[in-house]
Amino acid sequence: MTDHHTATEPTVLALPDRSGWLGWLAERGEAQLVETSRLVDDLKAEPPADARAVLRIWNEAQTALGNAASMASLISEVHPEPEVRERAEKLVQDAQKLDTDLGLDTQLYAVLADLDASGLDPDATRVLERTLRDFRRSGVDRDEATRARLRELSEQAILLSQEFSKNIREDVRSIRVRPEQLVGMPQDWIEAHPVGDDGLVTVTTDYPDVIPFRTFAHDAAARRELVTRFLTIAWPANDAVLQQLFAVRREHAALLGYATWADYDAEVKMIRTGGAIEQFIDRITALSGERAERDKAVLLERLRQDRPDATDIDTADVTYYAELVRKEQHAVDAQLVRTYFPFEAVRQGLLDVTGRLFGLEWQAVARAEARTWHEDVATYDVTRDGERIGRIHLDLHPRDGKYKHAAQFDLVRGVRGVQLPEGVLVCNFARGLMEHDEVVTLFHEFGHLVHHVLGGEQEWVRFSGVATEWDFVEAPSQMLEEWAWDAAVLAAFAHDAAGETIPADLVAAMREAQDFGKGYDARTQMFYAALSYDVHIHQTPNLTARLRELMARYSVFPYIEDTHMQCAFGHLDGYGSAYYTYMWSLVIAKDLFSAFDRTDLFDPEVARRYRDRVLAQGGRRDAADLVADFLGRPYTFDAYAAWLAE
């Protein structure tokens with residue numbers, strides 16, 4: 001079923017040579033799907049009498065299906081060759097179709113629904129309960145015509161999702177500016193952007209360009225032009241795609257008897273109902289309102305020093321003026337800060353920090369042995385107490401045709417004794433100096449990777465890795481960000497070109513400056529959450545017009561004319577109606593962090609307890625129970641509210 005030697009000696013996935021990806025992808029993917037179907041057919045033809053034996057066969061089938069889907073999903077977003085990405089997209093479709101077919105298979109459902117669960121242990125019982133719930137949510141108990149329509153809708157959804165992602169990935173926009181319009185930009189950035197034959201410099205909407213430019217470029221007109229281009233990526237193509245995707249989701253939920261897609265989606269999350277999402281958004285909006293207006297007033301006052309007639313400030317100027325406020329009022333110069341964060345040192349520092357915190361070792365794997373999809377990818381074996389427990393791949397620099405944001409992808413989901421977990425970090429950082437915000441992003445995304453590996457030693461693939469409720473998955477990553485703000489932690493790897501360590505008083509100032517803007521950041525997040533929720537519960541003829549209305553209600557910043565940020569807001573696909581989860585998770589993350597000693601973030605007792613009771617559990621228990629087990633009490637809003645008020 002998988003690339004392993006014996007049932008008790010799992011090993012890592014053997015990837016192909018650079019030229020062999022197309023054939024390998026097709027062959028391995030097809031083999032995994034065939035194996036899934038064979039196992040299910042055998043199960044239906046001659047189901048074992050023992051409930052646990054039935055579940056074990058189902059587990060093997062789910063493992064094989066997951067192998068195909070994980071591999072294909074990753075490769076469709078990262079492989080440098082378009083034909084390989086396209087083949088991977090086709091494999092994603094095939095895996096999704098098979099998954100849909102299984103969920104609507106009445107004969108298979110009958111086998112599982114008829115099991116006598118009385119002798120099962122808690123984990124096996126949970127697998128069975130969750131599996132039967134999945135079947136019901138798939139519509140297996142509906143009539144034949146309804147099941148056929150649900151199958152069609154599922155296939156449409158995956159095609160629309162792929163089209164949405166591809167349109168974002170392949171639509172890189174740019175502006176052309178005169179060299180004098182680069183005043184304010186870091187010298188290493190300027191050197192990496194040579195003047196063209198026409199005397200102009202190209203600045204793209206990819207992250208390594210747009211983030212520094214909107215932060216440092218003095219030229220307000222150029223900043224506005226680039227931000228406007230950035231907010232029109234994939235317009236108008238994805239506007240039509242989104243309308244179709246939302247329509248598919250609305251019909252899907254209605255066929256299953258749910259009032260809205262949000263109600264269907266929330267049922268299996270911590271939040272439980274669609275209406276609770278709206279209540280949560282309003283609660284955070286109220287909690288952050290006063291702080292948001294206060295911070296915005298500071299920005300507007302600083303803008304008026306340059307433009308006395310300014311009456312408001314929008315996102316074309318917010319990042320730039322927030323940087324000026326931090327520099328002038330909090331003595332934090334981001335251009336100075338970034339000199340302490342050369343990429344290679346940050347990457348190694350991250351490995352050292354997380355290794356010490358969680359009792360892990362990251363052992364570099366030679367490129368010739370790892371044989372990944374691109375030479376930029378760095379591969380490490382993960383060991384604990386001398387035993388290899390997984391492998392990670394870090395694909396951290398931008399290139400044409402690659403996924404444009406930052407995310408962790410599964411390559412292999414761990415199953416005890418069968419296959420080791422393998423995860424991939426996909427980001428788009430420059431190769432030189434990093435902004436501290438990017439360092440925080442790297443810590444955040446690496447948190448998912450650690451969760452995937454530590455939670456990957458499971459008997460049941462259902463619980464492997466980041467397998468908790470979807471509105472909890474960000475909490476461990478958000479908590480790990482705290483280590484990127486600690487002076488003692490940063491001192492271990494943040495050094496400038498002269499070898500000088502980042503000063504502790506600078507880190508303290510950075511923390512203080514970070515507090516500036518958290519109110520309006522929370523309101524911006526609630527705007528995104530409200531957009532994600534609203535478009536899934538209402539039929540919205542004009543998405544841009546609705547975006548403007550929601551922005552006016554939830555964000556403290558006005559809409560920029562002729563922009564359509566929904567078209568490149570990838571979370572409208574991946575998170576659906578549930579973008580609220582970032583803030584929901586942050587509330588929990590702040591509570592989790594309250595258990596750590598801020599004067600010693602490496603305290604082994606609490607770190608190991610967190611590792612073993614939260615991360616290593618995967619999806620074996622409900623997230624609220626994992627948190628309560630670690631904290632010794634249910635989670636509360638108290639730590640978040642205190643942080644917001646700091």
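The values are calculated or read from the model by the stated rules, or taken from the named source; none is laboratory data. For clarity, every value in this text was computed on a predicted model and none was experimentally measured. Cβ sites come from the backbone with ideal geometry, for glycine too, and all protein chains shown count toward neighbours. The protein model used for the area step is the full one, side chains on, heavy atoms only, and it has no ligands, DNA or RNA in it. Shrake-Rupley method; radii C 1.70, N 1.55, O 1.52, S 1.80 Å.
Please work out the Cα center distance from region 270-303 to region 150-177, rounded to the nearest Å. So the separation of the two Cα centres works out to 30 Å.
As a fraction of the 1.4 Å probe accessible area of region 264-415, surface on carbon and sulfur atoms comes out at 44 percent. Excluding ligands, DNA and RNA, the accessible surface per residue across region 73-158 is 44 Å² with a 1.4 Å probe.
Across the accessible surface of region 1-145, with the other protein chains kept in place and a 1.4 Å probe, carbon and sulfur atoms take up 48 percent. The mean accessible area for residues of region 358-411, using a 1.4 Å probe and ignoring ligands and nucleic acids, is 40 Å² per residue.
Taking only protein heavy atoms and a 1.4 Å probe, the accessible area of region 537-646 is 49% carbon and sulfur. Computed over the chain, the P(r) curve from all C-alpha pair distances, binned at 10 Å from the origin, holds 3, 14, 26, 29, 19, 7, 2, 0, 0 percent per bin. When the Debye formula is applied to the Cα atoms of region 514-646, each taken as the same point scatterer, what base-10 log of I(q)/I(0) results at q = 0.16 Å⁻¹? Treating every Cα as an identical point scatterer, log10 I(q)/I(0) equals -0.92.
Placing unit charges on each Cβ (+1 for Lys and Arg, -1 for Asp and Glu) gives region 244-314 a dipole about its Cα centre, and among T273, A292, L303 the Cα reaching farthest toward its positive end belongs to T273. Only DSSP H runs of four or more residues enter the estimate; each adds -39500 (n - 2.57), and after division by the residues of the chain the mean residue ellipticity at 222 nm equals -18000 deg cm²/dmol.
The heavy atoms of F358 offer some 10 square angstrom of accessible surface to a 1.4 angstrom probe. Computing Rg and the Kirkwood Rh from the Cα coordinates of region 169-294 gives a ratio, Rg/Rh, of 1.17. About the centre of its Cα atoms, region 351-400 shows a dipole size close to 80 debye [charges on the beta carbon of Lys, Arg (+1) and Asp, Glu (-1) only; nearest 20 debye]. Overall size of region 393-511 from C-alpha positions, given as principal axis extents largest first: 49, 33, 26 Å.
Here's the picture: charge each Lys and Arg Cβ at +1 and each Asp and Glu Cβ at -1 in the chain, and of T315, F409, H397 the one pushed furthest to the positive end of that dipole is T315. Among the GluC sites (Glu not before Pro) in region 320-406, those located in a DSSP loop and surrounded by at most 13 other Cβ atoms within 10 Å of their own Cβ are E375. Close amide H contacts of V365 (hydrogens built in the peptide plane, cut-off under 5 Å, sequence separation of 5 or more or a different chain): T379, Y380, D381.
Between A145 and E549, what length comes free when the chain is fully extended (0.36 nm per residue of separation minus the Cα-Cα distance, one decimal in nm)?
Working: separation 404, 0.36 × 404 = 145.44 nm, distance 3.89 nm.
Between A145 and E549, full extension yields an extra 141.5 nm.
In the context of the full set of protein chains, residues of region 506-646 present 37 Å² of accessible surface per residue (probe radius 1.4 Å, heavy atoms only). In a simple Cβ point-charge model (Lys, Arg +1; Asp, Glu -1; nothing else charged), the chain has a dipole of about 700 debye relative to its Cα centre. Straight-line reach from K404: which lysines have Cα under 19 Å away, leaving out those fewer than 8 places along the same chain? Within reach: K166. Annotation: amide H-H contacts under 5 Å for A217 (H modelled 1.01 Å from N, sequence separation of 5 or more, or interchain): none. Here the 3J(HN,Hα) profile of region 167-182, calculated from phi with Karplus coefficients 6.51, -1.76 and 1.60 at θ = phi - 60°, is 4, 5, 4, 9, 9, 8, 9, 7, 10, 10, 10, 6, x, 5, 7, 8 Hz, Gly and Pro shown as x. Taking Cα atoms, how many degrees apart are the long axis of helix 51-78 and the longest axis of the chain, rounded to 10 and kept between 0 and 90? It works out to around 30 degrees. Counting only Cβ charges, +1 for Lys and Arg and -1 for Asp and Glu, the dipole size of region 61-198 around its Cα centre is about 340 debye.
Between the alpha-carbon centres of region 229-255 and region 304-337 there is a gap of 35 Å. Panel values: region 71-209, Kirkwood radius from alpha carbon pairs, Stokes-Einstein at 25 °C and 0.890 mPa s, translational diffusion coefficient 125 µm²/s. How tilted is helix 237-255 with respect to the longest principal axis of the chain? Cα atoms for both, answer in degrees (0 to 90, nearest 10). Long axis of 237-255 versus the principal axis of the chain: about 40 degrees.
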